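The values are calculated or read from the model by the stated rules, or taken from the named source; none is laboratory data. Since this is a predicted model, take the numbers as computed values, not measurements. Quick reminder, even Gly has a Cβ in these numbers, built from the backbone with ideal geometry, and neighbours come from all protein chains shown. All accessible areas refer to the heavy atoms of the entire protein, side chains included, with ligands and DNA or RNA removed. Shrake-Rupley method; radii C 1.70, N 1.55, O 1.52, S 1.80 Å.
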Amino acid sequence: MKLSDWTPLLLVLHTVAGFSQAQVINSLLDLSSSSRTVLPSLSRPANYSHIFYAVMFDAGSTGTRIHVFTFIHTDSEELPVLDNEMFYSTKPGLSAYVDIPEMAAQTVRTMLKVAKNAVPRLEWKRTPVLLRATAGLRLLPAGKAQALLDQVQHVFDESPFFVPDNSVSIMNGTKEGILAWITMNFLTGHLRKETKSTVGILDLGGGSTQITFLPKLKKTIEDVPGADYIARFDALNRTFELYSHSYLGNGQMVARLAVLGALDAEGTVHEVFRSSCLPKKFRGEWSFGGLTYQVSGDPDGYTGYKTCYQEVLKAVKGIIHQPFELEDNTVFYAFSYYYDVAVDAGLIGDVHGGRLQVRDFKKKAKEACSKTTKRPPAFPFLCMDMTYITCLLKDGFGFKESTVLQVRPFQLYATQQCCLCIIFSETCLGASTRVCFKSRMRFCKNSLSVLKIKPLLFFKYKYLQGRKSWCI
């Protein structure tokens, strides 16, 4: 799956600050060392304000994305401020080149031209370049995944940019979910010390799906199948014990393969894979992971929501663990394919997203599946995708049909039209202080506006001397 849209910025900030991913997870934002550890140092006055850059590649299962960040740094005790972002994406993902890793290298080499155009030439040697791969490469055999990473590393090494240690790697799915949880709760103000409630996150990518939330009941922690369902870290003078798990192979695209019975179809691309979840009269090609599949509906079989649900259930039942608690008063934000499929189905708009109950997905799935006997729709996989999401939420995680989800695009935009103002709590700075990045004509009134207009994500952290915490 792709990195959640805010994760590249977090990774860049932490890497520029000289911290490994393990340190980020184990000690949230414990940035006691200089924010210039990774960047080659230059002798400058203490009050010197300068601009620098960072390049982040997000190698997802369905595509590769490049983020070129521009930062302003004015105070050695504070993290840099995000000033701008340039974004570009391409398909397919690097995993599509599993048998021709040189093509993966060419993809990255071509995308680096975006960075060269965005970063002044004199800054190239001081600009770190990073790549984090997600479920697309996690699904591959270790040797083949490493071959792809080695090709990318070679491209980085021959580039004019600064290449930090561990600049190319595969990101652990649980860490990916935790970073998303941290950022979502930061943006909604739920990481403040006085706030007792938090929000959960649901992320559905192409290759994997993740759930992360802070349990209210001890039973939830005691009831987990294994240690890899629990993540602990200290922040704001408290210990967070999260329920967090990533299910590799349960992303939206891999679920299609499972429903079609094509998971082990490598080398049999000429076979036609049928499903009652597809329109009866539909026959076409579908590509994923470097293979093109011949797919069709079942012209002689049954169709409809119930039949499709039974096919989809096989990809969920016995695989997804149901947490002991999923309280109605715990707010969950759902991203990635939850949002994309909901937009395709007409459940929400493609700008702001919206609030949906689980039963809304079910209702729309039934509607989409009832049309499979008629002419092929514009989205032939809509019945399958909507049914899978319904099954994943209900029979997988165990959400009630009445559960309300905040389904959001949450793309990281650094546009010239908006900004994000963050109000620092009095606990942190001693007085409420508004820190805001201005951009032309428009201001974001407060941090919650990010949920409505997709503004520039703006991070600024202040370290409290003598305390082992960061205020956000």
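For segment 336-342, putting each phi into the Karplus relation 6.51 cos²θ - 1.76 cosθ + 1.60 with θ = phi - 60° gives couplings of 6, 5, 4, 6, 4, 5, 4 Hz, in residue order, rounded to whole numbers and with x for Gly and Pro.
Heavy atoms only, probe 1.4 angstrom, no DNA, RNA or ligands counted: give me Asp264, Asp350 ranked by accessible area, highest first. Show your work: numbers first, answer last.
Details: Asp264 145, Asp350 100 Å².
The most accessible residue leads, giving Asp264, Asp350.
What number, in nm² with one decimal, is the all-direction average of the projected area of the convex hull of the alpha-carbon atoms of segment 49-171?
Details: hull surface 29.8 nm².
Seen from a random direction, the Cα hull of segment 49-171 projects 7.5 nm² on average.
First compute the accessible area of segment 49-171 with a 1.4 Å probe, then give the percent of it belonging to carbon and sulfur atoms. Kindly include the intermediate steps, with their values, before the conclusion.
Values: 2590 of 4960 Å².
Answer for segment 49-171 is 52 percent, counting heavy atoms of protein chains only.
Computed about its Cα centre, the charge dipole of segment 109-234 is approximately 320 debye, with only Lys, Arg, Asp and Glu carrying charge at their Cβ.
Got a sec? What order do Ile170, Ile348 fall in by accessible area at 1.4 Å, biggest, i.e. largest, first? Don't jump to the answer; show the numbers that get you there.
Values: Ile170 60, Ile348 20 Å².
Sorted descending by solvent-accessible area, the residues read Ile170, Ile348.
Once you have a ≥ b ≥ c as the square roots of the Cα gyration tensor eigenvalues for segment 256-338, tell me rounded if a/c is under 1.5, and otherwise prolate or oblate according to whether a/b is larger than b/c. Here segment 256-338 falls in the prolate category.
Going by accessible surface with a 1.4 Å probe and the largest first, Asp344, Asp99 read Asp99, Asp344. Residues in segment 242-342 average 45 Å² of solvent-accessible surface per residue, probe 1.4 Å, ligands and nucleic acids excluded.
At 1.4 Å probe size, with the rest of the protein present, what percent of the exposed accessible area of segment 198-280 is carbon and sulfur atoms?
On the way: 1430 of 3090 Å².
C and S atoms contribute 46 percent here.
Pairs of Lys residues in segment 49-171 that lie 8 or more places apart, or on two chains, and have C-alpha atoms under 20 angstrom apart add up to 4.
Please calculate how many Å² of accessible area segment 49-171 carries per residue, with a 1.4 Å probe and no DNA, RNA or ligand atoms counted.
On the way: 4960 Å² over 123 residues.
Solvent-accessible surface per residue comes out at 40 Å².
Among rounded, prolate and oblate, which fits segment 154-269 when a ≥ b ≥ c are the square roots of the eigenvalues of its C-alpha gyration tensor, a/c under 1.5 means rounded, and a/b larger than b/c means prolate?
On the way: a/c = 2.46, a/b = 1.28, b/c = 1.92.
Because a/c hits 1.5 or more and a/b fails to exceed b/c, segment 154-269 counts as oblate.
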